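Shown next, in C-alpha cells, is the structure this report addresses.
The values are calculated or read from the model by the stated rules, or taken from the named source; none is laboratory data. Note that the coordinates shown come from a computational prediction; the quantities given were computed from them, not determined experimentally. Cβ atoms come from the backbone with ideal geometry, glycine included; neighbour counts cover every protein chain shown.
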Amino acid sequence: MSQRLRQFDLIAFDWDGTLFDSTQIIVRCIQRAVVDVGGTMPTDQAAAYVIGMGLTQALAHAAPDVPADKYPQLGARYRQHYMAHQNDMSFFAGVMALLQQLRERGHLLAVATGKSRRGLDEVLRTPELYGVFDGSRTADETAGKPDPLMLRELMAEFGTEPARTLMIGDTTHDLLMARNAGCPSVGVSYGAHDASTFDALAPLHVAHSVADLQQWLLANA
C-alpha cells in the first residue's frame with residue numbers, strides 16, 4: 001500500500017490488555033502485592049484502573065494506605081507474583097495475524113507500554129516477535145501514561161506527524177496519552193477499562209474484539 005493511501009504511517013499499541021491477554025493476572029498480582037506489605041486489598045476495579053501506568057505510579061494509586069517507604073517492597077512483591085504467572089499469559093487470538101497484515105501494508109509498528117524495559121524486552125526477544133515491531137517505549141525509560149513523552153519520542157524517532165500516528169489501547173490512560181500528544185486513538189473494550197469511560201476522549205473507534213480491531217484497521221488505517 002502506498003504512503004498516499006495510508007491514513008497512518010505509525011501505529012503504536014499498548015501491550016497488556018490490548019495485545020496481551022494479561023489483565024486478570026495483573027489485577028491479582030497487584031492485589032496480592034498490596035496485601036503482602038500490609039495494605040488493604042484493592043477491588044478488582046481499582047486494580048484494573050492502574051494497568052498501563054508505570055509500576056510505581058500504578059501501585060501507589062492502587063494502595064493509598066501503603067506508605068511511600070514501602071513502595072520498593074511493594075514493587076518487588078508485585079514482580080515476584082507476576083513472574084510466577086508470566087507463562088500463563090499469551091496474545092489474544094488473532095493478534096499475530098493482525099500485526100503481520102499491518103506490516104505487509106507498510107505501517108510502522110511500535111509498542112508504548114507501562115511495562116518496564118526489562119519486562120518488555122524479555123517478551124520481544126521471543127522468536128515469534130523477532131522483527132515485528134519497529135520501535136518501543138516503556139514507562140521506566142520515559143514517563144508513565146498519560147504523559148505523552150512515549151508517543152512524542154516514537155514520532156521523533158520515525159519522523160511521523162501526530163495526525164499520522166495512531167495509538168491503540170485498552171485504558172483511558174492510553175487514549176489520554178494520545179490526546180496529549182495530539183494523536184488520534186482507537187480503544188479496545190476487552191482489556192482493563194470499561195469502554196463507557198472512553199467517550200470523553202473521542203477515540204475514532206472502539207473495538208470489541210481483535211477481529212473487530214482488524215476489520216477497522218484494514219478498512220481505515
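Among the residues making up the range 163-221, those that are farther than 20 Å from Leu5 by Cβ and of a type in the set (Ser, Thr, Tyr) are Thr171, Thr172, Ser185, Ser189, Tyr190, Ser196, Thr197, Ser209.
Condition check for Ser2 on (1) polar (S, T, N, Q); (2) modelled with pLDDT under 90; (3) closer than 26 Å to Leu124 by Cβ: one failure, at (3). Could you tell me whether the range 82-98 includes any residue that is surrounded by 13 or more Cβ atoms within 10 Å (Cβ to Cβ), aromatic (Phe, Trp, Tyr) and farther than 21 Å from Ala207 by Cα? There is at least one residue in the range 82-98 that is surrounded by 13 or more Cβ atoms within 10 Å (Cβ to Cβ), aromatic (Phe, Trp, Tyr) and farther than 21 Å from Ala207 by Cα.
Contact annotation: residue pairs with Cβ atoms under 7 Å, 6 or more positions apart or on different chains, pairing a residue in the range 102-116 that is in contact (Cβ under 8 Å) with a residue 60 or more places away in the chain with a partner that is among the polar types (S, T, N, Q), are Ala110/Ser136; Val111/Ser136; Thr113/Thr138; Lys115/Thr138; Ser116/Thr138.
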